[in-house]
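Inspection log for the structure reproduced underneath, given as structure tokens.
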Amino acid sequence: MQTTTFVGQASGIDATLIQIVAQLTNADLTLNEEGNKCSLVQTVKHSFTDVSQEFSAVGMSGAVRLLLKGNSALLGSTPAQQAAVDSWIESVDQTLLPILRQDKTEPLFVAAVEDFVMEIEKHLFQNHKTVLVGDVATAADAVTAVAVAGVCQTVQVKELPQQAHRWCKTILDKLQACLSDEALKVTLKGWADALKEGTASPLEMPPPPAAAPAPATSAAVVDENNAVLKKLVDMAIEHTAYSHDLCNTAEELVSKVPLPDSTHTHTKNLFLRDKKHGLFLVTVRPTANVNTKNLGNDLKLAGKTNLRMADAAVLDELLRVKPGSVGPLCVIQDGVNVKKANDEESADKITLVMDKALFDNYAFVHSHPLRNDMSVQMTSKALKEALQKVGVEPVLLEFAEVDPNAPAPSKEPKAQQEPKAKKEVADKKTAKKGETLLALQWKKTENFPNWYTDVIVLSEMISYYDISGCYILRPWSYKMWELIQLWFNERVQEDLGVENTYFPMFVSKSRLEKEKDHVEGFAPEVAWVTKSGDGDLENPIAIRPTSETIMYPAYSDWIRSHRDLPLKLNQWANVVRWEFKYPTPFLRTREFLWQEGHTAHATFEDAEKMVMDALELYRQVYEDLLAVPVIPGYKTEAEKFAGGYRTTTVEAYIAGSGRAIQGATSHHLGQNFGKMFDITFQDDKGETQTAWQTSWGLTTRTLGVMVMVHGDDTGLVLPPRVAPLQVVIVAIISKHLTAADAAPYCEAIRADLKACGIRVKYDDRDLYNPGWKYNHWEQKGVPIRVEVGPRDIENKSARIVVRHNGEKVDFPIEGLGARLKAKLDEIQGAMFVKAKEARDAHVVKVTEWKDFVPNLEKHNLVLTPWCGGEHQDWEDWVKKTSREESLKTLGQEGEDEKTATSVAAKTLCIPFNQPELPEGTMCIASGKVATCWVLWGRSY
Ligand code: 87F
């Protein structure tokens, strides 16, 4: 240890600064008798070995520099940072200290101080740093903050702009906490308390740097479409938004996004729902313990409460946010149904519950603006003000700290009587704590319905809507529907000679009820328009549930002679069926999109051919586009469309739930509608005949089936032929590869792929890092990812990652388009084969009743000998008996009548492809001689 003596004079603020830096650098400083007025001579011990001579350091900055020598913690670790420290200290020495020393209060000096302060403001604002240099407080911060606070006492600069104020307070607080000199602490506290935040409007946000990728933390970002950020600006709430690494939980935030000091906090958020009391968004400090069992009590909710984590669908529908990005700012979005200050308690309103400590113990709260790669810093006062401005008064509660010794939730002893499945769900929910996850919360094998909801929401196929059973088809899913339309339109028009048309969506009561048989069973599902404005309509009109009764009166007019036949029309439309069973997006919705084909022919045989041709197109949509294998066949009498003569169907199988689902139907209507609507024609002999008709439909259900069949625990897996994007290119931007260097290479790949007819995108967004992009496009199911790193560019190659099987291969970029085209075909084929193997493994032949239900339990579709599709009573018997036996096995008494999926088996179809039926084989139900094989299963 060396001792260096330097000679100098320091008093007033100089002395204070030298003392502060000496304390921070652990140096011995000899003070004269006047206490904190520094004497002429200070002795500094330091660890340099090569310094032995006497220094003469004049003035504050000389002394400070000397003290700092060799102390990298306060000086910054890189040469650039050290230079920045130096320059700030120099600047303080030049600008602020002369004013202070001479106690100048004239306007000229006030202006000089204001300039200096604005420089700090601008610097902090542009760099979004919480400190002047780098991410840790340095000597520059200590010296500058003290000097600023000092001048503010003497010169008439009473208020500081926002960033400078925040920074100055932060540094002064920090100094108070780490200095041991009590007198200095008191001085600093006085100065800190006297500082006031100005009301001047904040500086303009600079645009984000164009080429450089956003650094992991503290980068200024602009997200123009962000509803929360927009709203904060509209309401003139002071805030600073910054980007950071993706954080799925509060723990991750705490570890990955460090905050300047203990006056700042992140938040932890839970969105809870209770059947009776409604929804609660609970926002607490990350270390708070939220006990959902006691929360009902704390909130003084009447009676029993059962607060559970709300799932992704509810989050999306009510808070308009994905799991992982929940925060208190969600409730400032327009249209979020949050309980306002004077609102009555209501089960559909969200109550905001907040940790009192957020306001009492912290000056700054950081929370997500609807995305968890960004946070917004605002004072707790500003947060309160933002909530107030939208009329929300949070319920403030005190939360204890998490007990660090408490066992992890998943290790808690399992409750004994709870059935396994339910218990698993509860465990899952506590284990995840509902804190903000970006990945799927549910595994496909764990809870299939919740997994499905997670997939369609996170992949951005669906958004929820405030009318039950109605959903928003987002561009990602609508594009898939358009791809199906594109293919089908060409086939149906060019190959089958069908023309597209459009009929009105409204139908009068008299027309709708003209064919009683057909509408009778469906009547409860018909939605009616009964009012316009305040007045009642004289004659209510129905919204089409299907268009037979809308189209056929026109057919009656248009068809006169055999020369008018065949009439083959198709329309793409929406239809409404007001179902009361639990809805499922795509599979069972109150409004859906479809194509409905309606044809009229001169003969039974012509109609029959049309029915089969349409069904064949449906088979191809499923098998060739969606890579979903289907079983084509006839519906039994009980399951056919009652208004027609015979119904054909394609049936798919969903391994995740062990259920079958009707893919599409094509009906031979016989002459039933022709007679009702008088669709007759003169044949070539001049005789009047009734037309033979068909109708057939394919709906957006196709998309749900595809998701269920191919999706996995990461999200959607798309067959290339219906993928809105078939290939996404992601450059691995790092210090070894800049975005500017990657761009031409990736652009060239994109152009090559596009020229080969591939739907391709180069994801060059600099707001997101490569890891985020991988995750994003995997969740959205894009079949191929092309990764480009520095080595790929060197080797003129690219890495290909296949979504459905995780395969990784390196391809040269020469001829990449052609290779990937082939690869996409290979993927399409492989996905079909995989799905078919999974389906085939679950179709079993059963010839004795005792094996029937056990096979349903094994998630099998069951092919049995049958006495004939016309024996409806025996079909009812199988339904009823399989339900009873299944419920017995499950230990349940009955089924919820609103459930859309029953445990009973029903007939799916009499497959066209019939296995051999040995003579004398008996029907599994009636025991009569069997005439065919029929396929049974639990279904949607
Ligand atoms: C609901 C309410 C009213 C089905 C309904 O399958 C009427 C109906 O007629 C109704 N739900 N259906 C059967 C639809 C038959 C048929 N229509 C043309 C199709 C394919 C497209």
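Here are the numbers:
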{"item": "Modelled FRET efficiency - R0 45 Å, Leu486 with Asp466, Cβ distances, 0.05 increments", "result": "0.90"}
{"item": "Nearest-20 debye value, the stretch 227-397 charge dipole, Cβ charges on Lys, Arg, Asp, Glu", "result": "360 debye"}
{"item": "The stretch 529-582-the stretch 501-515 distance, computed between alpha-carbon centres (Å)", "result": "3 Å"}
{"item": "Entries in Lys275/Lys780; Lys479/Lys754; Lys122/Lys268; Lys479/Lys735 that, when Cα-Cα distance is taken, lie over 27 Å", "result": "Lys275/Lys780; Lys122/Lys268; Lys479/Lys735"}
{"item": "Within the stretch 774-853, GluC sites (Glu not before Pro) in DSSP loop having at most 16 other beta-carbon neighbours inside 10 Å", "result": "Glu807, Glu814, Glu848"}
{"item": "Additional length obtainable on full extension of the chain from Gln94 to Met922, 0.36 nm per residue less Cα span", "result": "287.6 nm"}
{"item": "Angle between the chain longest axis and helix 701-710 axis [Cα atoms, degrees, rounded to 10]", "result": "60 degrees"}
{"item": "Amide N proximity, the stretch 532-558 versus Glu513 label position 7 Å along Cα-to-Cβ, cut-off under 17 Å", "result": "537-545, 549-550"}
{"item": "Globularity index of the stretch 227-397, i.e. its alpha-carbon radius of gyration over 2.2 N^0.38 Å", "result": "0.96"}
{"item": "Alpha-carbon radius of gyration plus Dmax, which is the widest Cα pair, for the chain in Å", "result": "36.4, 131"}
{"item": "Inter-site label distance for Thr105 and Val186 at 7 Å from Cα along Cβ, in nm", "result": "2.4 nm"}
{"item": "Segment Asp536-Asn291, extension gain: residue separation times 0.36 nm, minus the distance between their alpha carbons", "result": "83.1 nm"}
{"item": "Charge dipole of the chain about the Cα centre (unit charges at C-beta), most positive-ward option of Met706, Gly868, Leu246", "result": "Gly868"}
{"item": "Residue order for Phe399, Phe488 - accessible surface, 1.4 angstrom probe, largest first", "result": "Phe399, Phe488"}
{"item": "Solvent-accessible area of Arg765 with every protein chain in place, 1.4 Å probe, in Å² to the nearest 10", "result": "80 Å²"}
{"item": "Computed helical MRE - 222 nm, the chain, DSSP H runs ≥ 4 contributing -39500 (n - 2.57), nearest 500", "result": "-10500 deg cm²/dmol"}
{"item": "Lys256/Lys754 FRET efficiency (R0 56 Å; Cβ-Cβ; nearest 0.05)", "result": "0.90"}
{"item": "At 1.567 mPa s and 4 °C, Stokes diffusion of the stretch 867-930 via Kirkwood alpha-carbon radius, µm² per second", "result": "95 µm²/s"}
{"item": "Full-stretch length increase - Asp684, Gln388 - with 0.36 nm per residue and alpha-carbon distance subtracted", "result": "98.6 nm"}
{"item": "Heavy-atom surface of the stretch 842-937, accessible at 1.4 Å and reported per residue (Å²)", "result": "51 Å²"}
{"item": "Average accessible surface area per residue within the stretch 727-836, 1.4 Å rolling probe, Å²", "result": "46 Å²"}
{"item": "Whole-Å distance, taken between Cα centres, linking the stretch 887-935 and the stretch 631-647", "result": "16 Å"}
{"item": "Calculated FRET value between Asn805 and Glu895, using beta carbons and R₀ = 30 Å, to 0.05", "result": "0.20"}
{"item": "In degrees, nearest ten, helix 380-389 long axis to first principal axis of the chain (Cα)", "result": "40 degrees"}
{"item": "Compactness index (Cα Rg / 2.2 N^0.38 Å), the stretch 480-568", "result": "1.39"}
{"item": "Accessible surface ranking that places the most exposed of Val136, Val801 first, with a 1.4 angstrom probe", "result": "Val136, Val801"}
{"item": "Links that overshoot a 19 Å alpha carbon limit, given the list Lys850/Lys880; Lys158/Lys356; Lys444/Lys761; Lys174/Lys256; Lys516/Lys568", "result": "Lys158/Lys356; Lys444/Lys761; Lys174/Lys256; Lys516/Lys568"}
{"item": "Cα-centred dipole magnitude for the chain, charges only on beta-carbon of K, R (+1) and D, E (-1), debye, nearest 20", "result": "1180 debye"}
{"item": "Test item: Cα-centred dipole of the stretch 60-197, Lys/Arg +1 and Asp/Glu -1 on Cβ, debye", "result": "220 debye"}
{"item": "Positive dipole terminus of the chain, leading residue within Ala400, Leu440, Asn855 (C-beta point charges)", "result": "Asn855"}
{"item": "Alpha-carbon centroid distance for the pair the stretch 117-180 / the stretch 728-767, whole angstrom", "result": "42 Å"}
{"item": "Between helix 182-194 and the chain: long-axis angle, C-alpha atoms, 0 to 90°, nearest 10", "result": "60 degrees"}
{"item": "Separation of the Asp360 and Ala523 label points, Cα + 7 Å toward Cβ, nm", "result": "6.4 nm"}
{"item": "Per residue value of the accessible surface for the stretch 60-197 (all protein chains in place, 1.4 Å probe), Å²", "result": "41 Å²"}
{"item": "Selection from Leu259, Ile462, His804 lying farthest towards where the dipole of the chain points positive, charges on Cβ", "result": "His804"}
{"item": "Ranked packing of 149-156, 753-760, most packed first, by mean Cβ within 10 Å", "result": "149-156, 753-760"}
{"item": "Carbon plus sulfur fraction of accessible area for the chain, probe 1.4 Å, in percent", "result": "50 percent"}
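The values are calculated or read from the model by the stated rules, or taken from the named source; none is laboratory data. Just so it is clear, the structure is predicted and the values come from calculations on it, not from any experiment. No Cβ is skipped: glycine too gets one built from the backbone with ideal geometry, and neighbour counts run over all protein chains shown. Side chains included, ligands, DNA and RNA excluded: accessible areas come from the protein's heavy atoms. Shrake-Rupley method; radii C 1.70, N 1.55, O 1.52, S 1.80 Å.
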